[in-house]
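The values are calculated or read from the model by the stated rules, or taken from the named source; none is laboratory data. The structure presented is a predicted model; accordingly, all values stated were derived computationally and were not measured. Note: ideal-geometry Cβ built from the backbone for every residue, glycine included; neighbour counts use all protein chains shown.
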There are 4 protein chains.
Amino acid sequence: MSRLTLTDAQRMIDAGVKEATRIDQPMNIAVVDDGGHLVAFVRMDGAIKASIDISTRKARTSILMDMPTADLAQATQPGAELWGLEQTAGGLVTFGGGIPVTRDGETVGAVGVSAGSVEQDVTVASAAVAAF
Amino acid sequence: MSRLTLTDAQRMIDAGVKEATRIDQPMNIAVVDDGGHLVAFVRMDGAIKASIDISTRKARTSILMDMPTADLAQATQPGAELWGLEQTAGGLVTFGGGIPVTRDGETVGAVGVSAGSVEQDVTVASAAVAAF
Amino acid sequence: MSRLTLTDAQRMIDAGVKEATRIDQPMNIAVVDDGGHLVAFVRMDGAIKASIDISTRKARTSILMDMPTADLAQATQPGAELWGLEQTAGGLVTFGGGIPVTRDGETVGAVGVSAGSVEQDVTVASAAVAAF
Amino acid sequence: MSRLTLTDAQRMIDAGVKEATRIDQPMNIAVVDDGGHLVAFVRMDGAIKASIDISTRKARTSILMDMPTADLAQATQPGAELWGLEQTAGGLVTFGGGIPVTRDGETVGAVGVSAGSVEQDVTVASAAVAAF
């Protein structure tokens, strides 16, 4: 497996910033490696501060669960199978904006985006992933 | 941007205490700066102790999200977009009583009030903001 | 036992602010009740932000140990009896600036001061206690 | 006061990366705003993972104490005045590598560098500050 490099992370962040600028929503964008550890991060001017943690946590959740965070939304509702999941593993985020990235079929990292609506976060995260 | 001073904070707290006295509900009132750091705090005689943390956290949440905490109540319900948000960023409060204050269009601080009903908390927080 | 009131706390804080102004060192000043719970707090303009926590923790330590924090400095040195104490009870502060206040022989609260040298912190805390 | 922008942070990080490359020591480099909140971060390929937290915490400590972290090393030794300080305020770092940056005489942010020797960390942090 070839690891996600800082160059990879910066290319993803640049693509994310470009898309965030296009939709006119300043964002926090975090990229983590396959261990969920931060590689690169930017907070665009005007993006809310709570999303420093949320974006990083979305990226980390994507690694720990090995799936996009959007896939956790239904499963963690009251009465659903993973009700309460968000309190485990140091705190997971269960709404969209975190997406793993793969290389040769293996998860090598993840991006997390936060500060807009969930739909906007997913849009920007997807643009970052596409650049990988 | 001019910073929120202790004089600003004390004027807000005095106005909050006056309104809390008028509605006969002792309150915890916290004022934080634009980084969410505490500037001044009072617990009126008879106000519950849990609200020391809740009032401070409401003020901090208002800064981190850059919005009144009342605006988070609907969005964090089961099935809603930000379900689980309250567990991020060190713990956010998602019911009313925290309100940011602005100067020249920029958020420079926030007030958080807790110990009464949410409606009472919002009433007292609004009185504090009006004095700013 | 008559409890420490907000009026008591504010009188202590006013005296502390006056002394801090006299020695020209902006301070964080916290007053807690006999349970170690915050009653009132001010951060003077220009006082460092780390001392928000340190002043509050000094006051709380004074209650939990029922002694001035300055009395813990020797006992917690490497090789001394209470080596490692500061890691217990949610985190204690073992240098000067926290002092309990008593009424009719009973501890009813404590003040914690932080942002200057330890000597300055103790000077301001003592002025606050004297006003009680 | 004019805020530290993402452009400011990226210029500092670029200068830090350049210096880290020159001394051949991959680093973690974090830039925070005047509230201690992260603005930008990079982990260079090969830099140790513990330093993600250490670099960020150095930058945050510089804000909370309003001084370089190197200035805390002596004062927090056994027997010295601030023995035990590192356990307060959510955890402070008391060795070199964190430096505040000022504009018009006011602290507007800080940089934190970690992964090399403390001397190397300070060298790279200084290069980042010089670019501000």
Point to revise | Failed item, numbered, when C:R103 is tested on (1) more than 10 Å from chain D (Cβ to nearest Cβ); (2) free of Cβ contacts under 8 Å to residues at least 60 places away in the same chain; (3) not small (G, A, S) | key: (2)
Point to revise | Total residues in segment C:96-132, condition modelled with pLDDT under 95 and buried (at least 24 other Cβ atoms within 10 Å of the Cβ) | key: 0
Review point. Out of C:V32, C:V101, C:V93, C:V42, which single residue is more than 28 Å from B:G36 (Cα to Cα) and under 16 Å from the mean Cα position of the chain (by Cα)?
Key: C:V101
Point to revise | Matching residues, segment D:65-92, being assigned to a helix (DSSP H, G or I) and closer than 25 Å to B:G90 by Cβ | key: D:M65, D:T69, D:L72, D:L85, D:E86, D:Q87
Review point. Hey, any hits in segment C:21-43 for a residue that's in a helix (DSSP H, G or I), over 21 Å from D:T88 (Cβ atoms), of a type in the set (A, V, I, L, M) and at pLDDT 95 or above?
Key: no
Point to revise | Criterion (more than 9 Å from every other protein chain (Cβ to nearest Cβ) and free of Cβ contacts under 8 Å to residues at least 60 places away in the same chain) met by exactly one of C:T56, C:T5, C:T76, C:T69 | key: C:T69
Check your understanding: Limited to segment A:104-132, what total is found for residues that are touching a Ser or Thr at 6+ places or on another chain (Cβ under 7 Å) and either closer than 14 Å to A:I63 by Cβ or of a type in the set (G, A, S) (or both)?
Key -> 5
Check your understanding: Any idea which residue in segment C:8-28 is surrounded by the fewest Cβ atoms within 10 Å (Cβ to Cβ), counting only those that are over 20 Å from B:A47 (Cβ atoms) and facing another protein chain (nearest Cβ under 10 Å)?
Key -> C:P26
